[in-house]
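Some notes on the structure that comes next.
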Amino acid sequence: MEMDICSCGREMSSLEKEEILPLSPVYRLIKKAGAEAVEKEAIKLLRDYLERLGLRTSERAVELAKQEGRKTINAIDIILATV
């Protein structure tokens, strides 16, 4: 698996660099917040941020489940991972 260094100094796998979220739902979020117009670059930046946040939260949730001997991530794991 290919590895790169992200801006935080941590190695990123090719999976992390893959765009997971489509742009259109992110665009709708920004519009719902009240924007009249949105540049594509702004949508991409928010998408990248949301993907990184989701990945970090998921990694923490996986660790919590593993600590309890579980393979299944539950809602409590996600809640605790966001605190």
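Of all residues in region 51-83 being within 25 Å of residue 26 (Cα to Cα) and hydroxyl-bearing (Ser, Thr, Tyr), which is surrounded by the most Cβ atoms within 10 Å (Cβ to Cβ)?
Across region 51-83, the extreme among qualifying residues is 57.
Of these, 15, 45, 21, which one is modelled with pLDDT under 95 and of a type in the set (A, V, I, L, M)?
That would be 15, the only listed residue that is modelled with pLDDT under 95 and of a type in the set (A, V, I, L, M).
Working only within region 44-83, note down all residues that are of a type in the set (Lys, Arg) and in a loop (DSSP other than H, G, I, E, B).
70, 71
With respect to residue 7, is the statement that it is among the polar types (S, T, N, Q) and modelled with pLDDT under 95 true?
yes
The values are calculated or read from the model by the stated rules, or taken from the named source; none is laboratory data. All values reported here derive from a predicted model rather than from experimental measurement. A quick note on method: Cβ atoms are made from the backbone with ideal geometry, for glycine too, and the neighbour counts reach across all protein chains shown.
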